[in-house]
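S.K.: Questions regarding the structure given below will be posed in turn.
The values are calculated or read from the model by the stated rules, or taken from the named source; none is laboratory data. As the structure is a computational prediction, the values presented were derived from the model and not from experiment. A quick note on method: Cβ atoms are made from the backbone with ideal geometry, for glycine too, and the neighbour counts reach across all protein chains shown. The area values use the complete protein model at the heavy-atom level, side chains included, leaving out ligands, DNA and RNA. Shrake-Rupley method; radii C 1.70, N 1.55, O 1.52, S 1.80 Å.
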Amino acid sequence: MTTELSTTFTPADIETRWYKHWEETGAFRPERPDAEPFTIVNPPPNVTGSLHIGHALDNTLQDIVIRYERLRGKDALWVVGTDHAGIATQMVVERQLEERQDKRTNYSREDFIAKVWDWKAESGGQITHQLRRLGCSMDWSREQFTMDPHFDKAVLKTFVDLYNDGLIYRDKRLVNWDPKLKTAISDLEVETQDIQGSFWHFKYPLEDGVTFADGRDYIEVATTRPETMLADMAVAVHPDDDRYASVVGKHVVLPITGRRVPIVADEHADPELGSGAVKITPGHDFNDFDVGKRAGFVAGEMLNMLTGDGDVCQTADGLVPDEFLGLHRFKRDGVDGARELVVERLKEAGLLIPHIAKTKKDEEVEHDAEPRKIATPYGDRGGVVIEPWLTDQWYVDAEKLAAKPIQDVRDGTIEIVPKSWEKTFFNWMENIQPWCVSRQLWWGHQIPAWFDKDGKVYVAPSEKEAQAQAGEGVELTRDNDVLDTWFSSALWPFATLGWPEEKQPLLDKHFPNNLLISGFDILFFWDARMMMMGQYNMGRAPWPKLYLHGLVRAADGAKMSKSKGNVVDPLGLIDQYGADALRFFMAAMESQGRDIKMDEKRVEGYRNFATKLWNATRYCQSNGIGKSTTIKAPPARLAANQWIIGEVQSVCSEIESAMEDLRFDAAANAIYQFTWSKFCDWYLELIKPVFGGEDTPASTETREVAGWALDQILVMLHPFMPFITEELWHAQGDRKDDLILASWPNPRAQVSKEATDAIEWVIDLTTNIRSAKNELGISPGAKLAAFLPEASDLAASTVERSSAAIERLARLTPVTLGEAPAGPAMQVTALSDVFVIPLEGIIDISEERTRLEKALAASQKEAKSLEGRLSNANFIERAKPEAVEKAREDFAHHAGEAERLTAALERLG
RNA sequence: GGGCGUAUAGCUCAGGGGUAGAGCACUAUGUUGACAUCGUAGGGGUCCCAAGUUCAAAUCUUGGUACGCCCACCA
C-alpha cells in the first residue's frame with residue numbers, strides 16, 4: 001500500500017529521520033562477505049573543523065560513488081575518521097586557555113595533552129555530525145582517529161622502519177620556522193606572498209688599508225632584511241664581476257657589531273642586482289646558508305641572532321650591542337624592532353645610501369630605501385612571516401620514497417583524473433626536497449627517539465627497546481617533538497584497516513582501496529605522501545585511481561575566505577534547500593578540471609527538481625501506481641509503456657558510462673533530463689487517458705510499468721539525492737529493504753521500434769500543433785479537428801492505437817483519415833505526415849501562409865546547404881561513409897519537409 | 001623564471017571534425033485535477049583573434065590576446 005504524501009515537500013522533515021534509520025540499521029556497511037569489495041577512504045577532516053563548502057563537494061562526490069557501488073551489489077566500504085591536526089588543535093585549546101588568562105606552559109605536557117583529549121571528547125564531533133547532515137554513508141561503526149592506539153602503532157612502526165632503512169635522519173640546517181607557533185614547518189606549509197617592502201643600500205666599510213682603485217673605502221650592499229646584518233658572516237660578489245675582483249679575499253668590518261668578515265666570490269651574487277655585492281647571513285637565509293657552506297662555514301658555526309620568537313638574542317661571538325637584545329625582528333604593535341634600529345644606526349653613521357626618486361613634477365626626492373615588491377614567506381597556520389632558523393630536525397628522505405610513486409603514475413598503475421594533473425605531480429615529485437617531519441608541539445605523535453647524555457640517538461618503538469639498545473644504566477631522554485600531522489595521515493589507506501597488526505581480513509580485502517577522491521589542494525600534502533607510504537609499508541600503490549576535483553569559489557569567482565567574508569555555509573544551504581539539492585548541485589557542476597562557482601539559484605533549481613519528483617510520485621499514487629515487484633521491466637504492449645522502458649534502459653546505460661568515467665555532471669544531467677523531460681513531461685501525460693474509467697488490461701499494464709519506471713528513477717537518482725528517494729521509495733509501498741540497499745536497474749527488455757516510433761510521432765505532432773497554435777494566436781485550449789489525407793502506415797496505426805493520448809495532448813477531436821473539407825486550414829506535420837486542420841472562422845489565412853513560408857524557408861535553407869555538400873565530389877569521395885549517409889538522410893528529410901510545406905501552401909491557395 | 005588551466009547565449013557552464021546545447025534570466029501565455037518550487041511557446045551565439053591542416057574547423061595544429069591557478073632562493 002502506498003503512503004499518502006503531503007502536498008508539499010519539506011526536506012527537513014525527512015532528512016534526519018532517514019539518516020538515523022540508515023545508521024541504526026547498519027545500512028552503510030551491509031554484510032556482504034562474498035561480494036566484490038569497493039573501498040574508498042575519506043580525507044580525514046581536522047577534528048577541530050566544521051563543514052565548509054569544499055568538504056561538501058568532496059564528500060558528496062565520494063558518497064555518490066559509494067552509494068552507486070553499494071546499489072550495484074559491491075561490498076562497499078567508505079572509511080571515515082578525523083585527523084588530530086597537530087597545530088590546529090593545539091591552537092584551539094591554547095586559545096581557550098588564553099581566554100581564562102591561562103596558558104599551556106602552566107601545565108605539564110601530560111596534563112595539557114589530557115586537556116586536548118577532553119576538548120576532543122566534548123567538541124570534536126561537530127564535523128562528523130555535519131557530514132551526516134549531508135547524507136554521507138560512511139562506516140561510522142569503524143570511525144577512525146589518527147591518534148587512536150592502533151594508529152600510534154602504525155606511526156611508530158613506520159618511523160622506526162624508515163629510520164632503520166636510513167630514510168629518516170636528523171640534521172642541523174635551516175628550517176622554515178614559524179615564530180608565532182614556535183615550531184618548524186615543512187616547505188608545503190609556507191605560502192609566499194608578494195608584499196610591498198623596502199630595499200636598503202648600505203656601505204660596509206673595508207678593513208683598514210684596503211680600498212678600491214678609485215680610493216673608495218667601502219663596499220655597497222643592498223638588502224631587504226637589514227636586521228639580519230647582526231649575524232652577517234660574509235659579503236659575496238660574483239667571481240666574474242671585475243668591479244670587485246680586487247677586494248675578493250679581503251675583509252669588511254661590519255657596522256654596529258664590528259665583526260670582521262670576508263669578501264667571498266660566489267655565483268649566487270647577481271651582478272645585475274643592487275650593487276652586485278650581497279651580504280651573507282648563513283644562519284637566517286636559505287641562499288646564504290648554501291653560500292656560507294661553500295665559503296667553508298659548517299652549520300654549527302653559523303651565527304644565530306634570533307630566538308624562536310623572532311626576538312634578537314646575542315650571537316655566539318658576543319658582538320651584538322645591548323640595545324638590540326630583546327627587540328623583535330620587525331616593528332610590531334607600533335614598536336620599532338631591530339630592523340628599524342639597524343637602519344637608524346647606519347643612517348647616523350652615514351652608511352645609508354639614500355634612494356633618489358623622482359616625483360611627478362620631476363623633482364628629486366631622497367628616501368631611505370627603494371620600494372620593492374618582496375616575495376615573503378608566511379606560515380599557513382600562524383600567518384606570520386617565516387624565519388629561516390638553524391635547528392636540529394628530523395627529515396624524511398622524500399626523494400627516495402618518491403621513486404616508486406613516480407613510476408606508478410608513469411606506468412599507469414595509478415591513473416590521475418583529470419590527466420592534466422600528472423605534469424604537476426611529476427614536476428613536484430621529481431624535484432622533491434627532504435621533508436621536515438618534526439614539530440615543536442605537544443599534541444601529536446611524539447617522536448620515538450631517545451638521547452643519551454652525549455646526544456647519541458636511539459630510535460625504537462618503545463622506551464624499553466631504546467634502553468636495550470643504549471645498554472643498562474644509560475640515562476635516556478625522549479625527543480620532545482611530535483610528528484607532522486601529514487606523517488600519520490599518509491598511512492590512512494591501510495592504518496585505518498588495521499595495519500600493522502598481523503591478521504587483518506579487512507586489510508586484505510580492502511587494501512588497496514579502489515579510488516581516492518580529493519581536492520587538488522592536497523595533492524602534495526596528502527595524496528603524494530599516501531603513495532609514498534603505501535609503497536613503503538605495503539609494497540604497492542594505495543589505490544589505482546586518483547580523482548582530483550577543484551575548489552568551490554564564491555559567486556564572483558573569488559576564492560572563499562573568512563577574511564573576505566564571502567564564505568558560503570553549506571549547512572545554511574541545506575537548511576534552506578535540503579541536502580539533496582545541495583548534493584545535486586555539486587554533482588551537476590563537477591566537470592573535470594574546472595573550479596565550481598557557487599550559484600545559489602542553481603541549488604534552488606535542484607530543490608525544484610526534488611519537488612517535481614515529489615509531485616510526480618503523488619500523481620502516480622493518486623492513480624493507483626505503487627511500488628514495482630520486479631527488477632526486470634514488466635511486459636508491455638502499449639506504445640507509451642514500451643517507449644518508457646526503452647528510455648529507462650538508455651538513461652541507465654548513460655549513467656553507468658558517466659560513472660565509469662567519473663563524469664559526475666553527465667550522470668546527474670542524464671537522470672535529471674530523463675526524470676523531468678521524459679518521465680514527467682511526456683510519459684505521465686501520455687498515460688493519463690488510460691486511467692479514465694474502469695480497470696482494463698491497459699490500465700493494469702500501465703500501472704505496473706509506471707510503478708517500475710518510477711522505482712528505477714528512485715534507484716538511479718538515489719546516489720545523488722538519497723533522502724527524497726528513500727522517502728518516496730517507502731511511500732510507494734511496503735518494502736523489505738531500504739532503497740539504500742536496493743539493486744541497480746538491469747533492464748534488458750525487448751522494445752519494439754514501432755512502439756517507440758509511434759511515441760516519437762505523437763511527440764512531434766503535439767509539439768508542432770502547440771507551436772503552430774501559439775504562432776497563429778489560437779487559444780492553446782481550443783480543441784481542433786484534424787485530417788490526414790495521406791496517412792503513413794505509422795500514422796494510421798498510431799492514430800488507431802493511441803487516439804486518446806493524441807486527442808488529449810494535441811487537443812484534437814478524433815482524427816479523420818481522409819481529405820479535409822475545403823476551406824481555410826493550417827497544415828501541421830508529424831514526422832513525415834501532414835495534418836490538415838480546418839480553421840474556418842478561427843484565423844486569418846494570411847497568418848497561416850506567413851507561418852508556413854517561414855517554415856519553408858528554414859527547410860529550404862537546410863536542404864540547400866546539404867545539397868551543396870552532397871554535390872561536392874570531394875565530400876562524397878573522402879568523407880566517412882557514415883557522414884555521407886547522414887547528409888543524404890538529412891537532405892531527404894529537409895527536402896521532404898520543404899515539399900510538404902510547398903504543397904500545404906498550394907492547398908491554402 | 002618554469003608549469004598548468006580557461007575563453008561557447010545576458011549569467012553559470014556542458015559539448016565537440018559534418019553547421020550549437022542545458023540551467024537560470026528574458027518575452028508571450030495559462031488549456032488538460034501531480035506540480036505556479038508549475039505548464040506551453042518563443043527570442044537570444046562570427047563558439048576570444050589570426051594563420052595552417054582538411055572535402056569540411058566552434059572542434060585539430062601553431063602563434064597571439066585576456067584572465068586564473070600552481071611551483072621557484074632573485075639578496
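S.K.: Filtering segment A:543-593 down to residues that are among the small types (Gly, Ala, Ser) and under 14 Å from A:Thr60 (Cβ atoms), which residue is farthest from RNA strand B (Cβ to nearest atom)?
M.R.: Here is the first cut: in segment A:543-593, the residues among the small types (Gly, Ala, Ser) are A:550, A:554-555, A:557-558, A:561, A:563, A:565, A:572, A:578-579, A:581, A:587-588, A:591, A:593.
When the remaining residues are screened for being under 14 Å from A:Thr60 (Cβ atoms), the result is A:550, A:578-579, A:581, A:587-588.
Details: A:Gly550: 9, A:Gly578: 9, A:Ala579: 15, A:Ala581: 9, A:Ala587: 12, A:Ala588: 8 Å.
Result: A:Ala579.
S.K.: Among the residues of segment A:697-708, are any in a helix (DSSP H, G or I) and touching a Phe, Trp or Tyr at 6+ places or on another chain (Cβ under 7 Å)? Please lay out each step first, then the result.
M.R.: Taking segment A:697-708 first, the residues in a helix (DSSP H, G or I) are A:697-708.
Within this subset, residues satisfying the condition of being touching a Phe, Trp or Tyr at 6+ places or on another chain (Cβ under 7 Å) are A:699.
The answer is yes, given that some residue of segment A:697-708 is in a helix (DSSP H, G or I) and touching a Phe, Trp or Tyr at 6+ places or on another chain (Cβ under 7 Å).
S.K.: Restricting segment A:813-827 to residues that are part of a strand (DSSP E or B) and at pLDDT 90 or above, which is surrounded by the fewest Cβ atoms within 10 Å (Cβ to Cβ)?
M.R.: Only one residue tops the list, namely A:Leu817.
S.K.: While we're here: Take the residues of segment A:100-117 that are of a type in the set (Phe, Trp, Tyr) and in a helix (DSSP H, G or I): which is most open to solvent (accessible area, probe 1.4 Å)?
M.R.: For segment A:100-117, the residue satisfying everything is A:Trp117.
S.K.: Something else: Testing A:Leu856 on (1) more than 9 Å from RNA strand B (Cβ to nearest atom); (2) modelled with pLDDT under 85; (3) part of a helix (DSSP H, G or I), one condition comes back false. Which one is that?
M.R.: If we test A:Leu856 against (1) more than 9 Å from RNA strand B (Cβ to nearest atom); (2) modelled with pLDDT under 85; (3) part of a helix (DSSP H, G or I), just (2) comes out false.
S.K.: Residues that are at pLDDT 90 or above and open to solvent by less than 20 Å² (accessible area, probe 1.4 Å): find the helices (runs of 4 or more DSSP H) completely inside segment A:387-505 holding 3 or more of those.
M.R.: Numbers: elements: A:398-410, A:421-429, A:463-470, A:485-489, A:492-495.
Because the criterion is at least 3 residues that are at pLDDT 90 or above and open to solvent by less than 20 Å² (accessible area, probe 1.4 Å), the helices (runs of 4 or more DSSP H) in segment A:387-505 that meet it are A:398-410, A:485-489, A:492-495.
S.K.: With the condition kept exactly as written, say whether any residue in segment A:605-617 is of a type in the set (A, V, I, L, M) and open to solvent by 20 Å² or more (accessible area, probe 1.4 Å).
M.R.: No; the residues of segment A:605-617 include none that is of a type in the set (A, V, I, L, M) and open to solvent by 20 Å² or more (accessible area, probe 1.4 Å).
S.K.: Which pairs turn up if I take residues in segment A:587-612 that are touching a residue at least 12 places away in the same chain (Cβ under 8 Å) and look for partners that are near RNA strand B (Cβ under 6 Å from one of its atoms) and among the β-branched types (Val, Ile, Thr) with beta carbon separation below 8 Å, at least 6 apart in sequence or on another chain?
M.R.: Filtered contacts from segment A:587-612: A:Thr611/A:Thr8.
S.K.: Same structure again: Considering only residues that are assigned to a helix (DSSP H, G or I) and at pLDDT below 90, look in segment A:118-129 and name the one that is least open to solvent (accessible area, probe 1.4 Å).
M.R.: That would be A:Ser123.
S.K.: What is the residue count in segment A:608-642 for residues that are away from RNA strand B (no atom under 14 Å from the Cβ) and hydrophobic (A, V, I, L, M, F, W, C)?
M.R.: Selection size over segment A:608-642: 5.
S.K.: Just for segment A:172-205: of the residues that are open to solvent by 20 Å² or more (accessible area, probe 1.4 Å) and among the charged types (D, E, K, R), which one is farthest from RNA strand B (Cβ to nearest atom)?
M.R.: A:Lys182
S.K.: Among A:Ala633, A:Ala579, which is the only one that is modelled with pLDDT under 95 and surrounded by 24 or more Cβ atoms within 10 Å (Cβ to Cβ)?
M.R.: Among A:Ala633, A:Ala579, only A:Ala633 is modelled with pLDDT under 95 and surrounded by 24 or more Cβ atoms within 10 Å (Cβ to Cβ).
S.K.: Does A:Glu501 count as in contact (Cβ under 8 Å) with a residue 12 or more places away in the chain, away from RNA strand B (no atom under 16 Å from the Cβ) and more than 30 Å from A:Pro33 (Cα to Cα)? Quick ask: steps written out before the conclusion?
M.R.: Working: in contact (Cβ under 8 Å) with a residue 12 or more places away in the chain: yes; away from RNA strand B (no atom under 16 Å from the Cβ): yes; more than 30 Å from A:Pro33 (Cα to Cα): no.
Judged against the criteria, A:Glu501 is not a match.
S.K.: Among the residues that make up segment A:239-262, is at least one of them open to solvent by 10 Å² or more (accessible area, probe 1.4 Å), farther than 30 Å from A:Met533 by Cβ, in contact with a strand residue (DSSP E or B) (Cβ under 6 Å, 6 or more places away or on another chain) and within 13 Å of RNA strand B (Cβ to nearest atom)?
M.R.: yes
S.K.: State whether one or more residues within segment A:834-851 are touching a residue at least 12 places away in the same chain (Cβ under 8 Å), touching a Leu at 6+ places or on another chain (Cβ under 7 Å) and open to solvent by 80 Å² or more (accessible area, probe 1.4 Å).
M.R.: Checked against the condition, which is being touching a residue at least 12 places away in the same chain (Cβ under 8 Å), touching a Leu at 6+ places or on another chain (Cβ under 7 Å) and open to solvent by 80 Å² or more (accessible area, probe 1.4 Å), segment A:834-851 yields at least one hit.
S.K.: While we're looking at this one, here's another question. Could you grab me the full set of residues in segment A:873-885 that are within 6 Å of RNA strand B (Cβ to nearest atom) and open to solvent by 70 Å² or more (accessible area, probe 1.4 Å)?
M.R.: Of everything in segment A:873-885, those that are within 6 Å of RNA strand B (Cβ to nearest atom) and open to solvent by 70 Å² or more (accessible area, probe 1.4 Å) turn out to be A:Asn874, A:Arg878, A:Lys880.
S.K.: A further question on this structure: Which one is farthest from RNA strand B (Cβ to nearest atom) among residues in segment A:264-300 that are of a type in the set (S, T, N, Q) and surrounded by fewer than 24 Cβ atoms within 10 Å (Cβ to Cβ)?
M.R.: Once the filter is applied, the top-ranked residue is A:Ser275.
S.K.: What about A:Glu848, is it more than 14 Å from RNA strand B (Cβ to nearest atom) and under 16 Å from A:Arg770 (Cβ atoms)?
M.R.: yes
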